[in-house]
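What follows is calculated from the coordinates using simple rules that are stated; it is not laboratory data. Small disclaimer: the values here were computed from a predicted structure and weren't measured. Neighbour counts are summed over all protein chains in view; Cβ atoms, including those assigned to glycine, are modelled from backbone coordinates with ideal geometry.
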Amino acid sequence: MEEKLLSREQGQRLLESYEVAEFDWKRLARYSFWTAIICIIIAVGAAIADDFIRQLLAQLFNAPDSVKCLITAGIAAIFYYFGVQRIAESPEKVYSNEAIFFLGVLATAGSVAFFGRAIDMGSGHFSLLILLAALIYGGLGLWFPSKLVWLFSLLSLTSWMGTETGYMSGWGAYYLGMNYPLRFVLFGLVLTVCSGVFSRWPARREFTVSTRAMGLLNLFIALWIMSIFGNYGDIDQWLKVKQIELFHWSLVFGIAAIASIYHGMKEDDGMTRGFGVTFLFINLYTRFFEYFWDSTHKAIFFAILALSFWYLGSRAEKIWNLGGLTRKDGTTARHGTTRFEIFSGSPATATETVRRRLRPTSFDEEPESVPVIGGAHSHSSWRSRSLRKTIDSMSRCSITVSSNISFAWDWTSSPGVASQNNRATGTRGSGVKTTATSADPAFDGIG
């Protein structure tokens, strides 16, 4: 068009005639490093299985367990050191940095195991070693910081809780009158509540999601098991109980799921909302199998299942199709689903609200430039109220906040109002200024 070979209309039709095929390089990088780590573990296992290499390793490591503990601890320290150095030099290489930390985690586990063998007195109280690993991972994860190392701390802490209560009960079915699932219900509840500490710790706020997710996972899986088996530790006793007698656990399970949904809707927390919805359906379908499997003809049984899943899929499809960005050519771009809400308060509060809504799911730090919906919303009332709009594609924008704000951004409102340079600046009240810049020239301004 610049050389006058095509008219603007012909050029526009030509642009609309092809579609750019995107490739998810981020996902490829993640899976590649996972595969690399798995291959490393397999290679080490294969080397140990080889007789010649095993004999060679036996000669090389024919040393006391205390020496082996120090050697593996030194290897772990080297991995951690290089991981911290790479984060400082190349923070954008998220997955390779975390892969190095993972190798350090494995070496740390080996060091703790050799330490346990070195001090073993035959008591069988090995849960203390798991607690030691949890403390080491937790301290290192918070120090680096690394959410991957912190996640292994939570996993170790969960394992310690189960093994420690088992040891204290003499490996019986009950501890303080609670079977294993009931213990994990309490553990998950405590872990979920404690995750709120990180939301008040600005330097480590990114640990809130992983901690809360681990707590909710323990809580809901344990409640699911409780809704089936109740507080029974013996299978023979459980077989004598009618399932209706355990209905109160199903009720508790359902109330917990609804409470999680309510929290997610109130706080715009997609994770708690997702956990609640997922396990509410798991509860309902579990009860359907329990109460109707024996008494219903299998054709009718699966027909009801098919209808319910069909209805669920159709509703989900309808919700998925609600959103979309309108380009200036009238087309709609769809690539995913993101939810947004009005944010209000001081500049620091508003910026943090956006970052919390849009926190990345990867291991990297939260970006300075966060994606927001561009364009000042044209409501006459600028008070803080919830605006939820589902969209399926978005440009990268930067936000600048200079004073108290109480407004929302909306791609799709008033699409006819366009800016020529894809840049919009909105001002409301005293000193309230926001700027959003579109990274996609195909989007012609903001409503």
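A few remarks follow.
- Each of V252, V185 was scored by other Cβ atoms within 10 Å of its Cβ. Listed from fewest to most, they are V252, V185.
- S96-L307 pseudo-label distance in nm [points 7 Å out on the Cα-to-Cβ vector]: 5.7 nm
- Packing rank of 201-212, 25-36, where each peptide gets the mean count of other beta carbons within 10 Å, highest leading: 201-212, 25-36
- Applying 1/(1 + (r/R0)^6) with r as the Cβ-Cβ distance of L155 and V277 and R0 = 22 angstrom yields a FRET efficiency of 0.30.
- Cα lying deepest toward the dipole's positive end in region 173-317, options Y174, F301, A203, charges on Cβ: A203
- Karplus-derived HN-Hα couplings along region 105-122 (A = 6.51, B = -1.76, C = 1.60, θ = phi - 60°), whole Hz, x at Gly and Pro: 4, 5, 5, 5, 4, x, 5, 5, 5, 5, 5, x, 5, 6, 9, 4, 10, x
- Listed from fewest to most Cβ neighbours within 10 Å, the set S295, S96 follows the order S295, S96.
- Cα-centre dipole for region 173-317 with unit charges at Cβ (Lys and Arg positive, Asp and Glu negative), debye to 20: 280 debye
- Computed E for K266/A43 - FRET, C-beta separation, R0 45 angstrom, nearest 0.05: 0.35
- Centre separation in Å (Cα based) which lies between region 89-163 and region 285-319: 43 Å
- The phi torsions of region 25-41, fed into the Karplus equation with coefficients 6.51, -1.76 and 1.60 and a -60° offset, translate into couplings of 5, 5, 5, 4, 4, 4, 5, 5, 5, 4, 5, 4, 5, 4, 5, 4, 5 Hz, rounded to whole numbers, with Gly and Pro shown as x.
- Hydrodynamic radius by Kirkwood, which averages 1/r over all alpha carbon pairs of region 63-172, in angstrom: 14.7 Å
- The calculated FRET efficiency for I300 paired with L176, based on their beta-carbon distance and R0 = 45 Å, is about 0.50.
- Cβ-to-Cβ counts within 10 Å put C39, C69 in ascending order as C39, C69, the fewest first.
- Charge dipole (region 173-317, unit charges on Cβ, about Cα centre) - positive-most of F275, T286, L246: F275
- Straightening the chain between I258 and K26 buys 80.1 nm, computed as 0.36 nm per residue apart minus the Cα-Cα spacing.
- Cα centre as origin, Lys/Arg/Asp/Glu Cβ charges: region 63-172 dipole, Debye: 80 debye
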